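Read-outs throughout are calculated quantities, based only on the coordinates presented, and are distinct from any laboratory measurement. This is a predicted model, so every value here is computed, not measured. Glycine also receives a Cβ, built like all others from the backbone with ideal geometry; neighbour counts cover every protein chain displayed.
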Amino acid sequence: MEGMIPIMTLQSINEHCYYYSTAVNVGYVHVGNTGMIIDAGIDDSSIKKVVRELETRKLPITHLFITHAHADHYGGAAYLQKKFGVETIAPQFERAILNNPGLEPLYLFGGNDPLPELHNKFLEGKPIEVHHEITEGSYMFGEIELQAYLVPGHSYHQLALNLYGCLFAADAYFSEEQLEKHKIPYITDAEAAIQSLIKLREIPCDGAVPGHGEYEQQFLVTVEKNIDYHEKVLEELFQLIKAYPEGISHESIVEQLCGIYKVTTTKLAPWLLYRTAVTAYIIGLIKREKIVHRIENNKWMFIERKGEA
Ligand SMILES: [Zn+2]
């Protein structure tokens, strides 16, 4: 009906796997008396909607897995811990941030004490306890068996989970709509992000659900679009740097790449995210040995790498 907000519901993927489709997806896996929530949404109100549905269906809530320490994925976790005492699992390294959420605005701000406006719910959730720190491998929690895959490039030690044929891919790839919306997607290392996308091709599963977007059986089509997208940004950035034979500064690259992609932001927090994303592509070109960098006149400068062809 016109003007009606669609009612989000828990969608069933297979016998064991579900997801609650919303701005930030929340996964759910159920085996016997074990029920594991995968990521917790951005705040209490978003996770409460999921909890309400699980309770209506009399589904257990015993475990929580956080794929990576970004506030939109763990903001509702403290509520789950308080209300259900969920046994909480998280990737190593990401755990440090889940225990100390102030680290996220701190690293985005380059290590300086964050200004007050950077302490917001998009960058900093409530701290949580992590009972099991894991890395890539096979694990059993309660009656749930899972396979964790290390997929860095968006967050330093992000893990994707493969359970009962469903891959909960976290932010290892984005839906097409997300790519269009963000223009320069938030990543931390373009080369690592692309390698993680390539790794997704080899994971045996029937389909996947990303952190933002819908479940797809043919998710590898979207994965290829992600690879193409990152390659396109890398090429655009390379052409930009090439156009400056004397070198171009980091600040100018951020300005110009954001200009090419029509990114317009007037706030510090989103600008810091874009600065990190642009730098991720710069890192990609350095790793591919297409460009070199140097400090010149106290500016961080980039130039096409010449010499051995
Ligand atoms: Zn994320």
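Things to note:
- This model, with +1 at the C-beta of Lys and Arg and -1 at the C-beta of Asp and Glu, gives the chain a dipole about its Cα centre of some 420 debye.
- Cβ-Cβ FRET estimate between residue 132 and residue 180, R0 fixed at 35 Å, reported to 0.05: 0.45
- Percent of beta bridges antiparallel (DSSP, the chain, rounded to nearest 5): 70
- D_trans [Stokes-Einstein, Kirkwood Rh over alpha-carbon pairs] for region 131-212, 25 °C, 0.890 mPa s, µm² s⁻¹: 184
- For region 266-291, the residues whose amide N sits under 18 Å from a probe point set 7 Å from the Cα of residue 299 along the beta carbon direction are 279, 282.
- Alpha-carbon Rg with Dmax, taken over region 42-134, Å: 13.9, 47
- Taking 0.36 nm per residue of sequence separation and removing the Cα-Cα distance, the residue 217/residue 113 pair yields an extension gain of 33.0 nm.
- Rg in Å to one decimal, and Dmax rounded to a whole Å, for region 38-192 via C-alpha atoms: 15.6, 47
- The fraction of Cα-Cα pairs per 10 angstrom bin, counted from 0 for the chain, comes to 6, 26, 33, 22, 10, 3, 0 percent, rounded to whole percents.
- More than 18 angstrom apart: percent of Cα pairs within region 231-304: 34
- Rounded FRET efficiency, nearest 0.05, which uses the C-beta distance separating residue 271 from residue 203 and R0 of 25 Å: 0.10
- Our note on the geometry: Cα centres of region 70-88 and region 119-160, 12 Å apart.
- The Rg/Rh ratio of region 50-95, with Rg taken over Cα atoms and Rh as the Kirkwood radius over Cα pairs, comes to 0.99.
- Extension reserve of the residue 289-residue 260 stretch, reckoned as 0.36 nm per residue once the Cα distance is removed: 8.1 nm
- For region 196-275, the alpha-carbon coordinates run over 49, 30, 17 Å along the three principal axes, in decreasing order.
- Unpaired cysteine residues in the chain (no second Cys Cβ under 4.7 Å): 205, 258.
- Applying the criteria of a DSSP loop state and at most 13 other Cβ atoms within 10 Å to the trypsin sites (Lys or Arg not before Pro) of region 97-205 yields 121, 201.
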